Amino acid sequence: MIKINEVALDFQTFPNGETRVDGEAILQAAAAETRNRVVLKYESDGDLIKLMFVKRFLDDHRLTASLLITYMPYSRMDRVEGSSVFTLKYAASFINTLGFEEVTVIEPHSDVTMALLDRSTARYPSVELLEQVIRETNFNAEEDYLFFPDAGAQKRYAKVKGFKQLVGFKVRDFQTGQIQKLDVVGEVAKPGFKAIIVDDLCSYGGTFLLSAERLKELGASEVFLLVGHCEKSVFQGKIPNSGLVDRVYTTDTMLDESPIDKIQMMKLGGM
Ligand SMILES: O=P(O)(O)OC[C@H]1O[C@@H](O)[C@H](O)[C@@H]1O
């Protein structure tokens, strides 16, 4: 989905699959503001082509724009791994060619995204929302733990201070996506603690179910999940009906709504 100044653009598709772009709708949405804010809420690769059409059209009308990327597509393909191509590099280079005045990325998977995107800054809802989640779960920083499922997550949230922490050591087969093992590194003082798993993205939720299982084996009484992004596939996974994860806190960077109470979708401002 592409938005300009909060207005979601509607695109039609020609019978052969090409996109019909409505220039008047773009100019109408753009006219309301002096500084245009384009939002890319990635749903499929077609959104990248639509983004290009919109930006080039704005350029032709001498209208400038900033870009907010709610989830950076290909951000997990941030290196060459076996035969899997470093596609983030190409996706970022495509966005750079569009020449937005500034680019804001929500919860990038790694620093590689920010290194590749020109004029970019990141925003981390997992960190912004942590205080609220702590209040809602009656989390006690003296006794309870934050859990980062892997070294990438621990690095991403290194600036979160003042909490007892546990870290997972996860081995995943990059080709199949299967998690081969997840061990918890660190000791707990006593059982009966709460744990908040903090990470960037939940897909089918395998990482978090396994994390919750390990944490409950270590004596966790309740396990909560706070993730910046949640793919729609979470509703097809086991999290909704599993007792291992007690509640999920996430945002609308990928979801439009949550049909189940257990997955609490919080709306991010400025989108
Ligand atoms: O286990 P699922 O939900 O499929 O995938 C989510 C995990 O995979 C990683 O890329 C994310 O950072 C997160 O740790």
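Summing Cβ point charges (Lys, Arg +1; Asp, Glu -1) relative to the Cα centre of the chain gives a dipole of roughly 440 debye. Short-range pairs are left out: with C-alpha atoms under 8 Å and at least six residues apart, the relative contact order of segment 65-204 is 19 percent.
Modelled label positions at residue 121 and residue 93, each set 7 Å beyond Cα in the direction of Cβ, lie 2.8 nm from each other.
Lys and Arg at +1, Asp and Glu at -1: add these up for the other residues within a Cβ distance under 13 Å of residue 125 and post the number.
Net local charge, residue 125 excluded: -3.
Axis of helix 206-217 versus longest Cα principal axis of the chain: the two differ by about 20°, to the nearest ten degrees. With a Förster radius of 25 Å applied to the beta-carbon distance between residue 160 and residue 111, the computed FRET efficiency rounds to 0.95. The radius of gyration of the Cα set in segment 1-85, together with its Dmax, comes out at 14.6, 48 angstrom.
As an exercise, take the mean of 1/r over every pair of distinct alpha carbons in segment 125-270, invert it, and state the Kirkwood radius in angstroms.
On the way: mean 1/r = 0.0656 Å⁻¹.
About 15.2 Å for segment 125-270.
Calculated from the alpha-carbon coordinates, segment 194-271 shows an Rg and a Dmax of 12.0, 40 Å respectively.
Using helices alone, I'd like the mean residue ellipticity at 222 nm for the chain: each DSSP H run of four-plus residues gives -39500 (n - 2.57), total over residue count, nearest 500. Walk me through the numbers before you get to the answer.
Values: 8 runs with 70 residues, N = 271.
Calculated mean residue ellipticity at 222 nm is -7000 deg cm²/dmol.
The chain has equivalent-ellipsoid semi-axes of 37, 19, 17 Å, by the square roots of 5 times the alpha carbon gyration tensor eigenvalues, sorted largest first.
Give the angle, between 0 and 90 degrees and rounded to the nearest 10, that separates the Cα long axis of helix 46-60 from the longest principal axis of the Cα atoms of the chain. For 46-60 against the chain, the angle is about 40 degrees. Compared with the dominant principal axis of the Cα atoms in the chain, helix 87-97 is inclined by about 40°.
Under Stokes-Einstein, with the Kirkwood radius over Cα pairs standing in for Rh, what whole-number D in µm²/s applies to segment 141-184 at 4 °C and 1.567 mPa s?
Details: Rh = 11.5 Å.
Estimated via Stokes-Einstein, D reaches 113 µm²/s.
Positive end of the dipole of segment 125-270 (Cβ unit charges, origin at the Cα centre): among 176, 206, 263, the Cα lying farthest that way belongs to 176.
Roughly what would the spin-label model give for residue 25 and residue 86, points 7 Å off Cα along C-beta, in nm? In this crude label model, residue 25 to residue 86 measures out at 3.8 nm.
Starting from the Cα gyration tensor of segment 95-152, take the square roots of the eigenvalues, sort them a ≥ b ≥ c, and report rounded, prolate or oblate (rounded when a/c is under 1.5, otherwise prolate if a/b is larger than b/c, else oblate).
Details: a/c = 5.28, a/b = 2.41, b/c = 2.19.
Prolate, because a/c is 1.5 or more and a/b exceeds b/c.
Applied to segment 191-202, the Karplus parametrisation 6.51 cos²θ - 1.76 cosθ + 1.60 on θ = phi - 60° returns per-residue 3J(HN,Hα) values of x, x, 8, 9, 9, 10, 7, 10, 7, 7, 8, 10 Hz, with x for Gly and Pro.
A straight chain from residue 62 to residue 233 at 0.36 nm per residue would run longer than the Cα-Cα distance by 57.6 nm. Once the Cα-Cα distance is subtracted from the 0.36 nm per residue extended length, the residue 262 to residue 176 segment shows a gain of 28.1 nm.
Tally the DSSP beta bridges in the chain and give the antiparallel ones as a percent, rounded to 5.
Working: 14 of 48 bridges.
Antiparallel: roughly 30 percent of the beta bridges in the chain.
Express the carbon and sulfur contribution to the solvent-accessible surface of segment 2-123 as a percent, rounded to the nearest whole number, probe 1.4 angstrom. The C+S portion of the solvent-accessible surface of segment 2-123 is 50 percent.
Out of segment 175-271, which chymotrypsin sites (Phe, Trp or Tyr not before Pro) are coil in DSSP terms and have no more than 14 other C-beta atoms within 10 Å?
On the way: sites: 193, 204, 208, 224, 235, 249; in loops: 193, 204.
Within segment 175-271, no chymotrypsin sites (Phe, Trp or Tyr not before Pro) qualify (loop, at most 14 other Cβ atoms within 10 Å).
Of all lysines in the structure, those lying under 27 Å Cα to Cα from residue 216, and not within fewer than 8 positions of it along the same chain, are 155, 159, 161, 164, 170, 181, 190, 194, 232, 238, 262.
The values are calculated or read from the model by the stated rules, or taken from the named source; none is laboratory data. The model shown is predicted, which means the values in this text are computed figures rather than measured ones. Note that each Cβ is placed from the backbone with ideal geometry, even for glycine, and that neighbours are counted across all protein chains shown. The area values use the complete protein model at the heavy-atom level, side chains included, leaving out ligands, DNA and RNA. Shrake-Rupley method; radii C 1.70, N 1.55, O 1.52, S 1.80 Å.
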